[in-house]
Amino acid sequence: MGDADRSIDLDRIELSLGRGASRVHILKGVSLAVARGQSVGLVGPSGSGKSTLLMVMAGLERPDSGTVTVAGEVISKLGEDDLARFRGRHAGIVFQSFHLIPTMTALENVAVPLELAGDASAFDKAAAELEAVGLGQRFNHYPAQMSGGEQQRVALARALSVRPAILFADEPTGNLDETTGKSIIELMFAMQRDRGTTLVLVTHDRALAERCDRVVRLRSGEIVEDTLTRGARA
């Protein structure tokens, strides 16, 4: 894989959290390259470092050492303001908790990153994204008026509204029932494929991870498995 084909490139990432006696070594020399348009499932037991690794890739956690290159830019050297601008252009993030703004309608929530990017068509594009996730009738509903599945669809629409190069998803179905969760996953994979977006998915569900092109398993802050799935090899 040449540098031009890489969406994410991690080189010997070290990260510890906490202070003094409570300081914990979370990531231990992690190196990982992800190709453009590839989907990667990050799995491992609680405390293995998988969510922290995603946060490092997304520029939400700064490593103690090592280099993080995302979409061709070394983000581990950026200041907070530049990191925020970088995420606004290149990264969409979906969490287990939907993180919608309760005082804003679905349309306003999806428009936020577009407005921050200075897009004059923010509301038109937000409306199109809500249509794409099947919420064309819910533009003016507030989060409290929507089901968990609908809120996660809004969160997905918001994450994808700026057409990011990379979608980060951290246990996106963790707060949903099984049926609703499956529908969110189907939608997420369909939109990722349609748009050629790189996907990094943290999940405790091995079967879900294996729907990705590649499965990376962590244990105690180290990568202990990195395999292509059957679909990726086909």
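Here are some notes:
- Reciprocal mean inverse distance between Cα atoms of the stretch 105-234 - Kirkwood radius, Å: 15.8
- Just checking the listed ones, Ala117, Ala35, Ala91: in the Gaussian network model of the chain with Cα springs under 10 Å, the one fluctuating most is Ala117.
- Comparing Arg19, Arg195, Arg85 in a Gaussian network model of the chain (Cα springs below 10 Å), the most mobile by mean-square fluctuation is Arg19.
- q = 0.14, 0.25 Å⁻¹, the stretch 1-91: log10 I(q)/I(0) [Debye, one scatterer per Cα]: -0.50, -1.39
- Taking a sphere under 9 Å around the Cβ of Ser51 and counting the other residues whose Cβ falls inside, with K and R at +1 and D and E at -1, yields a net charge of -1.
- Over the chain, accessible surface divided per residue gives 48 Å², non-protein components excluded, 1.4 Å probe.
- Extension gain, His141 back to Asp194 (0.36 nm per residue minus Cα-Cα distance, nm): 16.4 nm
- Surrounding net charge for Gly118, when Lys and Arg each add one and Asp and Glu each subtract one, Cβ distance under 12 Å: 0
- Whole-Å distance, taken between Cα centres, linking the stretch 136-159 and the stretch 170-193: 14
- Take Ile185: with every protein chain present and a 1.4 Å probe, its accessible area is about 10 Å².
- Percent accessible area from carbon and sulfur atoms, the stretch 95-234, protein chains only, probe 1.4 Å: 48
- Local charge for Asp82 was computed over the other residues whose Cβ lies under 13 Å away, with Lys and Arg +1 and Asp and Glu -1, and equals +2.
The values are calculated or read from the model by the stated rules, or taken from the named source; none is laboratory data. Remember, it's a predicted structure, so these values are computed and weren't measured experimentally. We place every Cβ from the backbone using ideal geometry, glycine too, and count neighbours over all the protein chains shown. Accessible surface areas use protein heavy atoms only, side chains included; no ligands, DNA or RNA. Shrake-Rupley method; radii C 1.70, N 1.55, O 1.52, S 1.80 Å.
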